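Derivation of every value follows stated rules applied to the coordinates shown; laboratory data play no part. As the structure is a computational prediction, the values presented were derived from the model and not from experiment. Cβ atoms come from the backbone with ideal geometry, glycine included; neighbour counts cover every protein chain shown.
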Amino acid sequence: MTSPMTNARPRLAWRLGTVVEILPETPRVCTLLLEISGWQGHVAGQHVDVRLTAEDGYQAQRSYSIASAPEDPRVALSVERLDDGEVSPYLTAEIRVGDQIELRGPIGGWFTWRAHDGGPLLLVAGGSGVAPLMAMVRHRARMGSSVPARLLYSSRSHDEIVYREEMDRLTRADANLEVVHTLTRSRPAGWSGFDRRIDREMLAEVAWPPDARPLCFVCGPTSLVETVADHLVDLGHDPSRVKTERFGPTGG
């Protein structure tokens, strides 16, 4: 992920993270749970750089949002496999428990949320862009926060909803947390939710009213992020309270 803070970030040391568990999320996404030596903790919304080095010395580097709550001692990275990628095929298909990867972070201070920042929270995600927003949802739950939170999540199909079962469990346990799904390519029989890309009308229906002054966090592919941010401002939301994080120009 990229953010306006990227160019101003301080130099960070590379560390080794050990894979302690691998969780399948969807047919194309898995979560790596890492134990990282010397890890100083993170804030929900931050990311890390991951670097792989081939036997011939060639290196490839990508950024991945941290999906775990800051209260979790393990760092969770949810990786979507891109078939033509250099990094994601290894992280989703070849890496094994006990393997180590190089990473540095946490990185970013702008696209972050702490429970004491308040709300209400409007979270809008597309695909694997839900990862940093899930860190916020998990942080909110771990802190016992009653801040009203609403997540609007766009996925291609029901099978591609990342963290689906956990989201269902969290919403059943918390009346102040809502998750609204939209499926853009295929829907299961009896689907009664949204069935299109996120648009102005959907945001007007789902988002908190502008006079509630929600904190808005939007993450996903560039086209989705730009469209949602523009619509939120057009609907009357304060631009300074609409924060965005988008996939970089290269992936995998």
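Which longest run of the chain has no exposed loop site in it, a site being chymotrypsin sites (Phe, Trp or Tyr not before Pro) in a DSSP loop with at most 14 other beta carbons within 10 Å, and the site itself not part of the run?
111-190
How much net charge surrounds Pro70 when only other residues with a Cβ under 12 Å from its Cβ are counted (Lys, Arg +1; Asp, Glu -1)? Before the final figure, lay out each step's value.
Numbers: positive: Arg74, Arg114, Arg138, Arg140, Arg142; negative: Glu71, Asp72.
Residues near Pro70 contribute +3 overall.
Based on other C-beta atoms within 10 Å, arrange Met167, Met136 from fewest to most.
Values: Met167 19, Met136 27.
Ascending number of Cβ neighbours within 10 Å: Met167, Met136.
Express in nm, to one decimal, how much length is gained between Arg142 and Ala173 on full extension, taking 0.36 nm for each residue of separation and deducting their alpha carbon distance. Intermediate values should be presented prior to the final figure.
On the way: separation 31, 0.36 × 31 = 11.16 nm, distance 1.26 nm.
My answer for the length gained is 9.9 nm.
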Order of Leu133, Leu215 under a 10 Å beta carbon neighbour criterion, fewest first: Leu215, Leu133
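Just add up the charged neighbours of Ser155: K/R +1, D/E -1, any other residue whose Cβ is under 13 Å from the Cβ of Ser155. Intermediate values should be presented prior to the final figure.
On the way: positive: Arg28, Arg156, Arg164, Arg185, Arg187, Arg196, Arg197; negative: Glu25, Glu80, Asp159, Glu160, Asp195.
Around Ser155, the charge tally is +2.
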In nm, spacing of pseudo-spin labels at Thr222 and Ala13 (7 Å Cα→C-beta vector): 3.5 nm
Ellipticity estimate at 222 nm from DSSP helix runs (n ≥ 4, -39,500 (n - 2.57)) divided over the chain, nearest 500: -5000 deg cm²/dmol
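Say a site is exposed when it is one of the GluC sites (Glu not before Pro), sits in a DSSP loop, and has at most 13 other Cβ atoms within 10 Å; what is then the longest site-free stretch of the chain? Please list the in-between numbers first.
Numbers: sites that count: Glu55, Glu71.
It runs 72-252.
Of Cys216, Cys30, how do they rank once you tally other Cβ atoms within 10 Å and put the fewest first? Present the calculation step by step, with values, prior to reporting the outcome.
Details: Cys216 24, Cys30 21.
Ascending Cβ contact count within 10 Å gives the list Cys30, Cys216.
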